[in-house]
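Since the structure comes first, as structure tokens, the remarks are kept for the end.
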Amino acid sequence: MKKMPVRLVCLLSVILLSACTGQREQYHSPWDFAQPSENRSQAESRNAATAMEPQIDWRNHANIRHDLERRQPRDARKSLEMIEVESERQQPTRSKSQTQNPVAAASVKATKVKVALLVPMSGKHKELGNAMLNAAQLALFDVGSENFELMPRDTKGTPNGAQSAIRSALNDGANLVLGPLLSDSVKSIKPVARSANIPVISFSTDWNVAGRDTYIMGFLPFAQVARISNYAVSRGHGQVALLGPKGEYTRMVDHMLANSLRNNGGRLVKKEIYPPATTDLSQLMARFTEHERREASDYKNNDLPYNSIMIPVGGQTIKTISTFLGHYRVDGQQVRLLGTGLWDDPSLTKEPMLAGAWFAAPDPNLRRDFERSYRETYNEKPPRLASLAYDGTALAAILAQNADGLSARQVYDRSRLTSSRGFAGIDGVFRFRPDGLIERGLAVIEIRKNGPAIIDPAPRAFMSSKRT
């Protein structure tokens, strides 16, 4: 019988580290993120005594195996009518051995909880929404229990659809909402959830909708900028230039970058913020790279005032910019290119000028087994955001398993969701701040021709720090 490898889908499933005990850390502004100011090996040796190690750790359960042939996931594409009339979704069939996982089995006294999953199962974003439902089902297989019920609801990818979805879920007794995906949908459900005193863990990346018991689980750029800029300073690339389109994202990166460099001995020496509608970047890039001055000396010395460039764009735009940097003979080894999670894109490895560039993102190795398991189960590769639904569902299920003596409302109390020790998921360690934003342990990744390479691993635990 075919045996699966030790899958992070199970072993890396979001694990409760400390939701009920321990002092909660105090947080300040959105710009104050707990990221190391030096590379991980230095930070760990310096701060080993203050690391808040997981009480339960997937790394200590390497002997656990799951049998793929016995997996019987529910069909994520069952009709919406069937989903909505189904009051309880039947758990996948498991053998006795398959009910074992890295967390304690649910007690017979465990409180029954219901969790709504709000994703677009129809409409423009239905492919992504159904993939997130698939991922949530994998989490149910791995860490679900009899006291936990997942209630999928279709948002149709619209604010009105999201409102209808949450009202349906609340009428059926939801104790927690996972989703929605889109910012406008989060905004539309937030007052409804707030009036019902039900917390929301959204998959959005819009940090403006966080707060008042709405948590943002998406991949936020705050910690990414802090992580990569701090690493660049530690590697002698602390004279930084910023190049990006005018807008809220670049404004946030600018603020975070300046704050991080100031705290770690670097300096923001140049900024080029251009109109977002700019289609011809040639003159802009010639000015930014000081082309005329350097051309006069036949580029005999690479005397740019900066030795790294933060470029907070992705997709075709970063490919175009990198081409211009090559055209104007910017040495990618002397002037290191820095990016955010927008660079977590395999196609960038084909861009010659991006070879050797650095960006911060969750460790891609951690989700590799999840992607393999998803592909083997559903015969397709999961979209990048599917892991959010897995982690969110696993977190909700494990909090429910460790809820003896608590009421259904207390299971997802703010103090449990904002545990300072955080949680370990398939995208690494993470924790929610009381302001609703998420902090993640990130790796520094270098773009190479044969694929991304981790050059500074992500931390496996958050460091304890005293803040006033």
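The values are calculated or read from the model by the stated rules, or taken from the named source; none is laboratory data. Everything numeric here is computed off the predicted structure, so don't read it as measured data. Backbone-built Cβ (ideal geometry, glycine too); neighbour counts: all protein chains shown.
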### Task
Of the conditions (1) touching a helix residue (DSSP H, G or I) at 6+ places or on another chain (Cβ under 7 Å); (2) without any contact (Cβ under 8 Å) to a residue 60 or more places away in the chain, S373 clears all except one; give me its number.
(2)
### Task
Select, from I228, I273, the only residue that is more than 16 Å from A360 (Cα to Cα) and hydrophobic (A, V, I, L, M, F, W, C).
I273
### The one condition in (1) in contact with a strand residue (DSSP E or B) (Cβ under 6 Å, 6 or more places away or on another chain); (2) on the phi > 0 side of the Ramachandran plot that D213 fails to fulfil
(1)
### Message
Checking the structure you have, find out if any residue of the range 413-424 is farther than 24 Å from A131 by Cα and without any contact (Cβ under 8 Å) to a residue 12 or more places away in the chain.
### Response
yes
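So which residues in the range 277-291 are free of Cβ contacts under 8 Å to residues at least 24 places away in the same chain and either of a type in the set (V, I, T) or surrounded by fewer than 15 Cβ atoms within 10 Å (Cβ to Cβ) (or both)? If you could, list the steps in order and put the result at the bottom.
First pass over the range 277-291, keeping only residues free of Cβ contacts under 8 Å to residues at least 24 places away in the same chain: 277, 279-280, 283-284, 287, 290.
Those that are free of Cβ contacts under 8 Å to residues at least 24 places away in the same chain and either of a type in the set (V, I, T) or surrounded by fewer than 15 Cβ atoms within 10 Å (Cβ to Cβ) (or both): A277, T279, D280, Q283, R287.
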### Task
State whether the residues of the range 115-129 include one that is assigned by TED's automatic domain parsing to the domain that holds F370, closer than 19 Å to D213 by Cβ, buried (at least 22 other Cβ atoms within 10 Å of the Cβ) and of a type in the set (G, A, S).
yes
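Looking at L304, is it of a type in the set (A, V, I, L, M), surrounded by 14 or more Cβ atoms within 10 Å (Cβ to Cβ) and part of a loop (DSSP other than H, G, I, E, B)? Let's see the steps before the verdict.
Numbers: of a type in the set (A, V, I, L, M): yes; surrounded by 14 or more Cβ atoms within 10 Å (Cβ to Cβ): yes; part of a loop (DSSP other than H, G, I, E, B): yes.
Here the answer is yes, as L304 does meet what is asked.
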### Residue satisfying all of: in the range 263-279; at pLDDT 90 or above and among the β-branched types (V, I, T); nearest to L243 (Cα to Cα) among these
I273
### Query
Considering T317, T393, which residue is in a helix (DSSP H, G or I), under 20 Å from the mean Cα position of the chain (by Cα) and of a type in the set (S, T, Y)?
T393
### Task
Specify the residue that is modelled with the lowest pLDDT; the eligible residues are those in the range 339-385 that are more than 18 Å from F203 (Cβ to Cβ) and of a type in the set (D, E).
D369
